[in-house]
Amino acid sequence: MGSSEEANKPASLYDSSSQSQPLLLKPPSIEEPNQPDEPESDPTQYLQISYNYGPRPFKDLPFVIFFVFVVLCTFGFGIFSVFHKNSNYSNLSSYKYDLNSNSCVRNSTFNGFYESRFDFYALSSSGSVFLKSLIWTLVVTLILSVPICFLLLLSLKHYTKQIVYVSLPFFVVIPIFFNVYWFVACTVSSSCSDAFPLVYRILVLVFVFLIIGIIVWIFVANWHRIELTVKIIGVASDALSKNLGLFVVIPLLTLGLVVYYAPIVVFLVFARLNGKIVPKESNGEYKCVWKQDSWVPAYYTLAILTMLWSLTIMVEAQVYVISGTVAQWYFTKEDAKPRRSIRSSLRHAFGPSSGTVCLSGLLICVVRFVRAIVDSARQEDVPGMVNLVLRCCVKALLSAVDFLNKFTINFAAITGEAYCTSARMTYELLKRNLLSAVFVETVSTRLLAGIIFVLSAIYAIVVCAILKGASSMGVYSYVVAVLAWALLIIVLGFFVHVLDNVIETVYVCYAIDRDRGEVYRTEVHEVYSQLPISRNHRPPIAPIAPVV
């Protein structure tokens, strides 16, 4: 156990001096004299885990090269599709089959310009009142979502317990309100009551009340964990409030992804224009149809897979930046402030650890893709014992990958290690300290999701009341209110996503602290030390005394 100055000193991950604590704790052994030297053991057994402030070597480099190759292929074939397009695609209806040449020729008397222009003007002149109200409502909602997120963060930091306990009744009251409201509204409306008989309305009403009862039972069964969850959310909110720059960087990364997607979408549009107009026989008659080039479907597959992989890479890069920033705050003295923590995390995420981020994104993309295939096969309900066994094996494999990926990027952001090394060391770290690798308090995520649902629902009710009182849109006011609710819940969902990543990062930092026998953040240890011991290990050992 070192002094506080040594604890805050930038430590290299490869410090294997005699003062370091071994990564895998073993009982001390006594060497006998004149015993020949034993071969060196695995060097990872003697690593001192800490935040790596020093220069980081490139890890998992082949996956960066592979991703860049895939992106270059996508953009290269996309540029080819732009210059190789067939402009006759938009005039397909003006072509007819010519018996003399056995080909499709253009009818010169057809003019589609005025028709398309007429359709455009007809479309743009409809629904102006609804469209205007919708645009203004969404713009105001987007503007108000920023102070709402900021106020919610401050409230969770200082008044976590009050916010949670005030929101809990609304988890039940709001569903009951909407359930009774639709039942009464449908009963009063003659058209709804005729289309939906009373017996079915009562069955739906009772079914929704049963779901509400299950929600109440879940809260009662987990009541002993709510107090701990409140403290965890408070600690994470405090950590996030010390790194408010993340609320600027993470949306900018998302905006960068949208800008990156824009040319790929344009390439997909132009890829449809690569082909030719050919005659096709149908019931003895010939007609002109569009035939795409043979490479177009393959390019669609490549572009869509590139977009999906890029999406998962950006998600993992955001997790990496959040983890690296929060970890630097955690391992800094309380009277000091980390400098350029977000900048260094960005540099590491898109520099030395870019291969790790690409590999993690690829694994998540493959898992989501395979899981979608399995779910689709389950919906088709294909009979057979072999099919059932295969589905169970695939689900077990996907669960194992999810388990492996948990906390791996958080650990890689702290240490700069490769993906496989980070996964192994994370598991060993949590196992040595009797902490569960499947922690992430699901109650905290559900509580936060419930809070943002309550806030969004209240906001939607207010918007609906204002629209019904200030305009004559009628039933369309409900549509605008629902869209405003969806936009606000997306923005607040982004806030919860960031806060969840902060909770995971602080958990990993706490495990590193516990493993080193040090205490950087006393308030974190006071909360996270109350977490239940993992059920997969032996009874807990005596706790490590904090460093004063």
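Examine the range 79-97 for a residue that is at pLDDT 70 or above, assigned to a helix (DSSP H, G or I) and under 30 Å from Ser360 (Cα atoms), and state whether such a residue exists.
Yes, that holds for at least one residue.
Tell me which of these Arg340 doesn't satisfy, since it passes every other one: (1) within 23 Å of the chain's Cα centre (by Cα); (2) under 20 Å from Leu253 (Cα atoms).
Failed condition: (1).
Return the only residue of Cys358, Cys420, Cys393, Cys365 being under 20 Å from Trp309 (Cβ atoms), open to solvent by 50 Å² or more (accessible area, probe 1.4 Å) and at pLDDT 70 or above. Please lay out each step first, then the result.
On the way: Cys358 fails: open to solvent by 50 Å² or more (accessible area, probe 1.4 Å); Cys393 fails: under 20 Å from Trp309 (Cβ atoms); Cys365 fails: open to solvent by 50 Å² or more (accessible area, probe 1.4 Å).
Testing whether each residue is under 20 Å from Trp309 (Cβ atoms), open to solvent by 50 Å² or more (accessible area, probe 1.4 Å) and at pLDDT 70 or above leaves just Cys420.
Among the listed residues Leu302, Leu273, which satisfies the condition of being aliphatic (A, V, I, L, M) and touching a Cys at 6+ places or on another chain (Cβ under 9 Å)?
Values: Leu273 fails: touching a Cys at 6+ places or on another chain (Cβ under 9 Å).
Just a single option satisfies the conditions, and that option is Leu302.
Given Lys231, Lys242, which one is of a type in the set (D, E, K, R), under 17 Å from Tyr510 (Cα atoms) and open to solvent by 30 Å² or more (accessible area, probe 1.4 Å)?
Details: Lys242 fails: under 17 Å from Tyr510 (Cα atoms).
The unique qualifying residue is Lys231.
What residue, among those in the range 273-299 that are closer than 29 Å to Lys96 by Cα and out of contact with any Lys or Arg (no Cβ under 9 Å at 6 or more places or on another chain), is modelled with the lowest pLDDT?
Step one: of the range 273-299, the residues closer than 29 Å to Lys96 by Cα are 273-297.
Still in the running and out of contact with any Lys or Arg (no Cβ under 9 Å at 6 or more places or on another chain): 282-285, 294-295, 297.
Working: Ser282: 68, Asn283: 70, Gly284: 65, Glu285: 72, Ser294: 85, Trp295: 89, Pro297: 89.
Among those residues, the one meeting the criterion is Gly284.
When both residues are 6+ apart or on different chains and their Cβ atoms are under 7 Å apart, which pairs have a first residue that lies in the range 296-322 and is open to solvent by 60 Å² or more (accessible area, probe 1.4 Å), and a second that is part of a helix (DSSP H, G or I) and acidic (Asp, Glu)?
Final answer for the pair search is none.
Scan the range 258-276 residue by residue and report those that are over 30 Å from Ile313 (Cα atoms) and open to solvent by 40 Å² or more (accessible area, probe 1.4 Å).
Scanning the range 258-276 gives a single hit, Lys276.
If the requirement is being in contact with a helix residue (DSSP H, G or I) (Cβ under 8 Å, 6 or more places away or on another chain), assigned to a helix (DSSP H, G or I), at pLDDT 85 or above and open to solvent by 20 Å² or more (accessible area, probe 1.4 Å), which of these qualifies: Val482, Val508? Steps first, answer last, please.
Numbers: Val508 fails: open to solvent by 20 Å² or more (accessible area, probe 1.4 Å).
Unique residue meeting the criteria: Val482.
Filtering the range 445-479 down to residues that are touching a residue at least 12 places away in the same chain (Cβ under 8 Å) and not in a helix (DSSP H, G or I), which residue is farthest from the chain's Cα centre (by Cα)?
Per the criteria, the residue is Ser471.
Quick one: would you say Pro279 is open to solvent by 30 Å² or more (accessible area, probe 1.4 Å) and over 30 Å from Val366 (Cα atoms)?
Values: open to solvent by 30 Å² or more (accessible area, probe 1.4 Å): yes; over 30 Å from Val366 (Cα atoms): yes.
The answer is yes for Pro279.
For residues that are β-branched (Val, Ile, Thr) and open to solvent by less than 50 Å² (accessible area, probe 1.4 Å), tally how many sit in the range 208-228.
The qualifying residues number 3.
The values are calculated or read from the model by the stated rules, or taken from the named source; none is laboratory data. Everything numeric here is computed off the predicted structure, so don't read it as measured data. Virtual Cβ from ideal backbone geometry, glycine too; neighbours counted across all protein chains shown. To get the accessible areas, we keep the full protein, side chains included, count just its heavy atoms, and leave off ligands, DNA and RNA. Shrake-Rupley method; radii C 1.70, N 1.55, O 1.52, S 1.80 Å.
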